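What follows draws every value from the coordinates through simple rules; no lab data is involved. Being a predicted model, the structure only gives us computed values, none of them experimental. Please note: Cβ atoms are built from the backbone with ideal geometry, for glycine as well, and neighbour counts cover all protein chains shown.
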Amino acid sequence: MRHVIVLGAGVVGVATAWYLRQKGFDVTVIERRPLPASETSYANGGQISVSHAEPWAQPGAPLKILPWLLRADAPLLFRPHWDTAQWAWCLQFLHECLPHRSARNTAANVALGLYSRSSLIELSGQLGLEYARAMRGILQICSTASGLKSAAHAVRLMQANGCEVRMVGPEEARAIEPALRHSQISILGGTWAEQDFSGDAKLFTRGLTQAARQAGVIFRLGAEIDRLETDQTHVTGVWLRDEEGGYERLAADDYVVSLGPQSRGLMLPLGINLPIYPAKGYSITLPIEDESRAAQASITDEAQKIVFSRLGGYVRAAGTAELAGYDKHLNPVRVAAILARCMQYFPGVGDPAKARAWTGLRPATPANVPLIGRSRLGNLHLNTGHGTLGWTHACGSARALAELMAGEKPPIPFPFLR
Ligand SMILES: Cc1cc2nc3c(=O)[nH]c(=O)nc-3n(C[C@H](O)[C@H](O)[C@H](O)COP(=O)(O)OP(=O)(O)OC[C@H]3O[C@@H](n4cnc5c(N)ncnc54)[C@H](O)[C@@H]3O)c2cc1C
């Protein structure tokens, strides 16, 4: 049986390992951290949001984003660096804002999202995984007239692509989520995606790791990948480096890159320049102290692009994007902006002093469409670049890649790499 090495144990890498094993491959996963899901998949917004498939790169985006760019608490922040990768990414982003590109990217993301959401539900049922799942839909709140208008546009686009989502008025929004009656943010209306849901990506990934181990997948945790070795047409091995400076070489028939934001750096020495740049985001996790003030549905704040998910006894609020390289220090201004918005929506839900802050780097492509399929090196496959939707798309991407590697045709219209 063919042996595959999966590089990276975030939600995407672990799901890939699982689906490859189901297709009969021998699978080894390599991860530098002692536990899976310790990087971007650790404390994200928790949303399985097919209804938010529209990428940031859309026709109105440049004008909308411009006034935000240098504001310290803005939803999107750009810190220019002497880094050609950053500027090249931004230029490609502008290209993806063209109407035909944006329409193509949205359609691809919806198709992958629908496949992924049903695969996740199926897998959760099959394995009985516990990950604080709340099948209560996603309610997007609009507090400005312009927000309502762009939400209505997005809803028409989603519906045209087969995603179930509809507009709601302020009364219906409060009826769907009674905790919003305490909100200090004015609610003009919003969108309601009843089939979408939320859950903890870290718990899911770690639970799936256990199931994959039992199914025969080997995990090499705490192992840093130093480089890939090639003979120009194929990968011939992967070199690991230990803390003492020792090296070890592993070899397999095929390799899958799922290294999140680090994917680009590992591929560059092979002459493959992936269009992935880190988009830093923040989350806060707050213990719930007053149940009546906590939402059951997952909520998206259209104006500030912040999402709120209930994860068991906690509220997770997440958002903002900072194009500022690989730096992961916590900027207190951005943490405070998310926390303040959370307390405005759900006053009294918990004690803000008890909030735990986190930051992670989304592996963002300019189109926000992940890179799935074969690279130009015959046995090197990609499953990376999931940007804002990695939790939503993880199971579908992994299943589709496993199908491709098994010589099957995935049942979705998606621009897979060949
Ligand atoms: C604030 C925020 C909120 C978000 N909210 C949502 C949401 O609500 N819904 C949604 O769908 N998505 C959301 N996302 C996006 C989602 O979290 C990511 O797309 C997803 O986690 C990416 O998973 P990954 O497996 O590709 O990357 P990662 O989770 O980063 O996994 C990559 C792994 O590779 C390992 N690695 C890297 N380099 C090496 C090396 N040299 N050797 C060995 N191992 C290595 C890393 O340690 C890591 O474990 C959010 C992201 C952020 C930051």
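Structure values in brief
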item	result
Antiparallel DSSP beta bridges within the stretch 297-418, as percent of all bridges there, nearest 5	85
The stretch 371-404-the stretch 163-231 distance, computed between alpha-carbon centres (Å)	18
Order by protection proxy (mean Cβ within 10 Å, highest first), peptides 239-252, 199-212, 170-183, 11-24	11-24, 199-212, 170-183, 239-252
When each of 305/328; 202/409; 202/280; 149/202; 23/280 is checked by Cα-Cα distance, pairs over 23 Å	202/409; 149/202; 23/280
Globularity index of the chain, i.e. its alpha-carbon radius of gyration over 2.2 N^0.38 Å	0.95
Share antiparallel - DSSP beta bridges, the chain, percent rounded to 5	65
Sequence ranges 89-102, 271-284, ranked by mean other-Cβ count within 10 angstrom, highest first	271-284, 89-102
Highest to lowest packing among 150-163, 364-377, scored as the average C-beta count within 10 Å	364-377, 150-163
For residue 61, net neighbour charge (Lys/Arg +1, Asp/Glu -1) across residues whose Cβ lies under 13 Å away	+1
Relative contact order (percent, whole number), the stretch 3-405, Cα cutoff 8 Å, 6+ residue spacing	28
